[in-house]
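Here is the structure we will look at, set down as structure tokens.
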Amino acid sequence: MEHETFWTLLRDAAHWQFELFLIFIFDVVIGLLIWPPLKRWFKHHQEDDDKLHELEERVKKLENKPLE
């Protein structure tokens, strides 16, 4: 029985095909399933940050406005 070493795996075409298959499954397929919800989540939080910034600017303007 042949011992499996790093060098035998490095030169084995079947091992590289399996590695590429795993990369495809985890990076592409799972990425396509996870990316849309993540994108919506990032957009939602960016909109919240923008609203908060706008409110802070309005408060600053109100604080600097002289009383009538």
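Some points to look at:
- Cα-based Lys proximity count in the chain, under 22 Å, for pairs eight or more positions apart or on separate chains: 5
- Cα long-axis angle, helix 13-23 against the chain (0 to 90 degrees, to the nearest 10): 20 degrees
- Additional length obtainable on full extension of the chain from residue 50 to residue 34, 0.36 nm per residue less Cα span: 3.3 nm
- Counting protein heavy atoms only, the chain has 65 percent of its accessible area on carbon and sulfur, 1.4 angstrom probe.
- Probe 1.4 Å, protein heavy atoms only - accessible area per residue of the chain in square angstrom: 103 Å²
- Taking a ≥ b ≥ c as the square roots of the eigenvalues of the alpha carbon gyration tensor, the chain is prolate, as a/c is not under 1.5 and a/b beats b/c.
- Per-residue ³J(HN,Hα) for region 37-49, Karplus 6.51 cos²θ - 1.76 cosθ + 1.60, θ = phi - 60°, Hz, x for Gly and Pro: x, 5, 5, 5, 5, 4, 5, 4, 6, 5, 5, 4, 4
The values are calculated or read from the model by the stated rules, or taken from the named source; none is laboratory data. Computed from a predicted model, the values in this text were never measured in an experiment. Only protein heavy atoms, including side chains, enter the accessible area calculation; ligands, DNA and RNA are left aside. Shrake-Rupley method; radii C 1.70, N 1.55, O 1.52, S 1.80 Å.
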